[in-house]
Amino acid sequence: MKPISRWAVAVASLLLLVVFVTPLWRIDLIAPQYPEGLGLRIWINQITGLKPNDLNSLNGLNHYIGMRAIVPESIPELRLMPQLLAAAVVAGLLVALIGRRPLLYLWAVLFTVGAVAGLGDFYKWGYEYGHQLDPTAAIKVPGMSYQPPVIGSKQLLNFHATSWPDVGGWVAIVALGCVVTVALLEWRRARQAVSPRVRAAAAAA
Amino acid sequence: MSRRIPLQLPLALACLAGGTVLTSSCSRANAARAGDVSEAARQVYVAPGQYDEFYAFLSGGFDGQIGVYGLPSGRLLKHVPVFSQSAEQGWGYSEQTKPMLTTSYGFVPWDDSHHPELSQTNGVPDGRWLFINGNNTPRIARLDLTRFETEEIIEIPNSAGNHSSPFMTENSEYVVAGTRFSVPAPQKDVSIDDYKSAFSGTLSFIKVDSATGHMAIAFQLRLPAFDYDLSHSGKGPSHGWSFFSSYNSEQGNTKLEVNASQRDKDYIAAVNWQQAERCVAQGKAAVEPARYAHNVMGGDGIARTEWGSSVKVLTAADCPGMVYYMPTPKSPHGVDVDPSGEYIVGGGKLATVIPVHSFSKMLKAIADKSFAGEEQGIPVLKYEATVAGEVENPGLGPLHTEFDGQGHAYTSMFLSSEIVKWDLKTFKVLDRVPTYYSIGHLMIPGGDSRKPWGKYVLALNKITKDRYLPTGPELAQSAQLYDITGDRMKLLLDFPTIGEPHYAQALPASLIKDRQVKMYGLAANQDPWAAKNEKSTRVERRGKVVHVVMTSVRSHFMPDKIEGIQVGDSVYFHLTNLEQDWDVPHGFAVLGNNNSELLMMPGQTRTLAWVPSRVGVFPFYCTDFCSALHQEMQGYIRVSPKGAKTELKWNSPSYREHEDDHDVAAVPAQPHGTH
């Protein structure tokens with residue numbers, strides 16, 4: 001690995017520390033009677049309301065349509081994710097320190113898989129949350145489910161929901177992009193470094 | 001300008017006297033003055049979703065409350081209950097608020113509120129509190145302007161007709177309370193014919209705590225038995241003085257409309273309250289027993305009454321230099337101090353001029369002992385020695401004066417039904433504009449302060465007649481808003497008001513709108529009967545008293561099925577609104593209750609008493625449309641005959657599991673006791 005690649009990997013790893021102190025994702029909800037909006041912030045280890053009582057208010061509203069209450073303490077991912085992220089930071093720093101390409105490839109692949117799995121898990125959580133409705137709910141709209149989008153906007157009855165990465169999410173995306181780019185560049189360089197020798201061997205033969 | 005009076009006056013009087021035929025021509029005259037109607041409409045139009053520039057607080061007069069309006073639109077924003085029970089909010093009906101209306105006469109559920117007064121810092125409204133007087137059973141209330149709720153009411157002993165109140169000193173050191181109806185003080189059984197010897201007037205100075213706003217009666221001045229009518233405190237150079245107008249220096253005690261109108265001049269009492277403070281500090285005040293109620297809303301949302309037991313009383317003889325009388329024509333009503341603090345304007349309601357006293361001349365007259373005589377030991381200054389000038393031919397019936405901060409004064413003219421604008425340097429009339437009809441007070445935002453926001457003047461009229469669609473014999477009171485930014489006053493808007501507004505105050509919305517409390521924190525709720533979650537709801541019987549500890553949250557009560565109540569029980573419904581969401585109050589009412597409803601703000605606990613008088617099953621329900629399933633927010637309570645064996649039961653998680661471990665000691669025996 002070139003020194004600059006090792007530095008880039010180290011910086012990307014350290015950048016991930018930002019995710020510990022900023023929300024990963026944001027879901028904002030606007031309704032006619034909520035002009036001030038309600039918001040959720042999904043952190044690495046918790047889910048909070050944008051305003052102090054937003055989570056409570058959303059849970060209160062959601063009981064009409066039979067959605068389960070969001071209880072952050074009961075979501076196992078929120079306990080697991082900080083450990084995985086810490087491991088990723090340590091692994092990244094080790095990759096930078098050791099400077100071996102195979103480790104970089106391995107780390108980049110694991111990081112990418114982890115990120116995709118995380119988004120997949122978020123989708124699955126949203127799907128279950130939006131589809132597993134209490135059959136005794138007061139408001140039942142045939143064919144209606146209330147899965148929030150992972151990215152983008154969606155009308156959920158009177159609420160317009162918008163979901164988007166928050167600061168931590170953007171930082172993680174930049175860090176991931178950085179690591180994948182470095183890995184690809186290193187891979188290309190390795191191939192270019194190998195190719196002349198192969199050509200020379202062929203010529204000698 | 002004054003030469004216009006001959007034309008204006010007959011028209012105004014004709015408007016006053018005339019029926020519908022004449023008044024239509026008055027309206028036309030007015031329209032001509034108003035100029036371009038669409039321009040006026042543009043000035044007062046506040047587009048949907050936009051905010052008014054000013055909060056205006058209009059006293060409710062005989063409704064005892066305060067109306068909060070936006071200016072320039074004239075839209076009613078809130079009707080705040082103060083001295084009168086208000087069934088809408090359960091004010092004075094709920095157990096937590098009933099003590100607010102306690103007096104030494106017991107529970108007094110009504111008063112006549114006249115003069116709102118904003119707290120001031122350096123002579124400028126600071127948006128912290130609003131004070132208002134109760135005239136009939138002398139009291140002063142304080143409202144908190146982060147919640148627009150009444151937080152404190154103090155009774156004024158030795159007083160009657162608390163009219164010259166609560167006018168504020170420039171750093172909110174004191175609010176004042178003067179006696180309009182002199183009475184024996186302390187009260188005693190005496191012939192009314194002994195008025196001159198046995199009656200006295202009282203001017204009270206009520207200290208305002210600079211941090212909490214809490215009021216305490218500091219001292220009272222016992223003065224001759226005149227009718228102390230209105231007041232304003234000095235500012236700037238005259239800070240340290242308060243001025244009280246008075247009438248009936250004749251000391252009549254019957255048919256005052258004649259007997260109190262004989263003298264050419266009555267008095268403005270100039271009170272050096274800093275001198276009074278010194279005399280009190282020197283122990284010159286007599287400590288007299290007096291019982292009065294002081295009601296304070298606690299941080300837990302529960303009002304409690306503390307009882308005052310004495311007052312410090314000063315007479316003029318105790319404290320020389322404390323009070324002087326300035327002769328003022330004639331039966332003066334308003335006494336208003338200009339922004340510089342130099343001019344003291346008397347509104348002699350029967351006078352043909354507006355007299356303007358000079359504070360600096362007054363000090364000189366005192367120093368020179370320019371006395372014309374004395375009244376029961378109080379020096380009477382010479383009129384010529386204090387008067388700076390007289391506004392001539394102002395109109396008829398001058399009452400009150402406000403200021404725009406640009407060197408102009410605006411005086412309301414009751415009889416000629418107009419506002420007269422005059423110059424504070426030349427004392428010449430500059431402009432006049434009719435009001436509809438018979439203006440009492442007038443108000444410029446900050447118009448009695450050191451720095452008025454002199455954009456509008458609001459006329460608060462006593463007679464309405466044909467201004468709005470007719471509504472039978474009783475009509476809404478009428479207010480008019482005028483633009484005063486130009487040389488000529490311009491009528492912009494007419495709007496009806498609640499009760500009978502007397503004085504008003506206004507300040508820029510920006511001073512308070514961002515400090516508004518949106519809800520009460522449930523975690524901070526300290527009401528001993530609060531249920532902060534549904535698990536802790538319960539029903540407890542203690543002899544004939546039953547406590548129903550309930551919660552409301554969209555869209556149900558917990559519990560909503562209650563049995564085991566008996567005819568004649570005292571049932572207390574303690575409702576806690578579990579919502580922590582903006583603008584989601586819940587209500588509560590039960591069929592046949594000889595009581596009001598409750599409204600509980602988010603996070604708040606309120607208690608309603610009910611004594612069921614007959615057997616049956618009675619529904620209760622949420623009265624505030626709270627949600628899509630509001631109509632479903634209901635429950636039943638079963639009432640059995642006295643002595644029935646019906647088991648006490650309810651449908652919340654605590655039923656049965658709590659039966660064996662009632663922690664009776666942890667909650668008070670009375671619903672919300674007073675001290």
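Taken together, the values in this text are just the output of simple stated rules run on the coordinates, not laboratory data. As the structure is a prediction and not an experimental result, all values here were calculated from the model. Positions of Cβ are generated from backbone atoms using ideal geometry, with glycine treated the same way; all protein chains shown enter the neighbour counts.
Table for the structure above
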read-out: Convex hull per residue volume in Å³, alpha carbons only, for the protein assembly as shown; value: 265 Å³
read-out: Within the protein assembly as shown: Cβ-based charge dipole about Cα centre, in debye rounded to nearest 20 (Lys, Arg +1; Asp, Glu -1); value: 2980 debye
read-out: Amide H contacts under 5 Å for residue B:462, placed H, 5+ residues apart; value: B:437, B:439, B:440
read-out: DSSP-assigned coil residues among trypsin sites (Lys or Arg not before Pro) in the stretch B:133-211, each with at most 11 further Cβ atoms within 10 Å; value: B:188
read-out: Neighbour-count ranking [beta-carbon atoms within 10 angstrom, fewest first] of A:144, B:600; value: A:144, B:600
read-out: Three-way shape label, the stretch B:96-177, alpha-carbon gyration tensor, a/c 1.5; value: oblate
read-out: Per-residue Cβ neighbour rank within 10 angstrom, fewest leading, B:273, B:110; value: B:110, B:273
read-out: Overall dimensions of chain B by Cα: Rg and Dmax, Å; value: 27.5, 89
read-out: Per-residue mean of C-beta atoms belonging to partner chains within 10 Å, peptide B:579-585; value: 5
read-out: Number of partner chain Cβ atoms within 10 Å, mean per residue of A:60-67; value: 3
read-out: Length released on extending from residue A:157 to residue A:141, taking residue separation times 0.36 nm less the Cα-Cα span; value: 4.8 nm
read-out: Net lengthening on full extension, residue A:124/residue A:74 (0.36 nm per residue, minus Cα-Cα); value: 16.4 nm
read-out: Computed [θ] at 222 nm, helices only, for the protein assembly as shown once each DSSP H run of length n ≥ 4 contributes -39500 (n - 2.57); value: -6500 deg cm²/dmol
read-out: Unit charges at the beta carbon, dipole of the protein assembly as shown: most positive-side option, A:161, B:639, A:95; value: A:95
read-out: Amide H contacts of residue B:431 (H built 1.01 Å from N, under 5 Å, at least 5 apart or other chain); value: B:421
read-out: Neighbour-limited loop hits for GluC sites (Glu not before Pro), the stretch B:85-174 (at most 15 other Cβ within 10 Å; DSSP other than H, G, I, E, B); value: B:88
read-out: Share of pairwise Cα separations in the stretch B:296-341, more than 15 Å, in percent; value: 74 percent
read-out: Cross-link reach list, lysines versus residue B:312, counting only Cα pairs under 20 Å and skipping chain neighbours closer than eight places; value: B:188, B:207, B:284
read-out: Peptide B:553-565, shielding by other chains (average Cβ, 10 Å cutoff); value: 1
read-out: Under the Karplus curve 6.51 cos²θ - 1.76 cosθ + 1.60, θ = phi - 60°, whole-Hz ³J(HN,Hα) for the stretch B:357-373, x wherever Gly or Pro sits; value: 7, 9, 5, 5, 5, 5, 4, 5, 4, 5, 4, 7, 6, 7, 9, 8, x
read-out: Candidate aspartates and glutamates - alpha carbon under 16 Å from residue B:265, same-chain residues fewer than 8 apart omitted; value: B:227, B:229, B:250, B:257, B:374, B:375, B:384, B:390
read-out: Note, ³J(HN,Hα) from phi for the stretch B:387-393, Karplus 6.51, -1.76, 1.60, rounded to Hz, x at Gly and Pro; value: 7, 8, x, 10, 7, 8, 6
read-out: Lysines whose Cα lies under 23 Å from that of residue A:154, excluding same-chain neighbours fewer than 8 positions away; value: A:51, A:124, A:140
read-out: At R0 = 60 Å, FRET efficiency that the Cβ-Cβ distance of residue A:90 and residue B:274 yields, to 0.05; value: 0.25
read-out: For peptides B:417-428, A:24-35, sequence by mean Cβ density within 10 Å, most packed first; value: B:417-428, A:24-35
read-out: Rg to Rh, two decimals, where the stretch B:496-624 supplies the alpha carbon set and Rh follows Kirkwood; value: 1.08
read-out: Cα gyration tensor shape of the stretch B:320-362, rounded if a/c is under 1.5, else prolate or oblate by comparing a/b with b/c; value: oblate
read-out: Label-point separation in nm, residue B:41 to residue B:644, each point 7 Å along Cα→Cβ; value: 6.3 nm
read-out: Backbone HN-Hα couplings from phi across the stretch A:144-153 [Karplus 6.51/-1.76/1.60, Hz, Gly and Pro as x]; value: 8, 10, 10, 6, x, x, 6, 9, x, 10
read-out: Loop chymotrypsin sites (Phe, Trp or Tyr not before Pro), the stretch B:535-616 (other Cβ atoms within 10 Å of the site Cβ: 14 or fewer; DSSP); value: B:582
read-out: For the stretch B:554-618, fraction of C-alpha pairs farther apart than 17 Å, in %; value: 44 percent
read-out: Selected from B:185, B:92, B:140, residue furthest toward positive end of dipole (the stretch B:83-197; charges at beta carbon); value: B:185
read-out: Ratio of the Cα radius of gyration of the stretch B:217-311 to 2.2 N^0.38 Å, where N counts its residues; value: 1.43
read-out: Long-range HN-HN contacts of residue B:137 with modeled amide H, under 5 Å; value: B:112
read-out: Length gained when the stretch residue B:631-residue B:261 is fully extended (0.36 nm per residue, less Cα-Cα span); value: 127.0 nm
read-out: Filter on B:78/B:561; B:235/B:428; B:465/B:513 - keep pairs with C-alpha separation over 30 Å; value: B:78/B:561; B:465/B:513
read-out: Rh (Kirkwood; distinct C-alpha pairs) - the stretch A:1-72, Å; value: 14.6 Å
read-out: Neighbour-count order for A:184, B:475, fewest beta carbons within 10 angstrom listed first; value: A:184, B:475
read-out: Residues residue B:384 and residue B:352, FRET efficiency given R0 of 22 Å [Cβ-Cβ distance, rounded to 0.05]; value: 0.80
read-out: With Cα atoms, 0 to 90° folded angle of helix B:5-17 axis to chain B main axis; value: 30 degrees
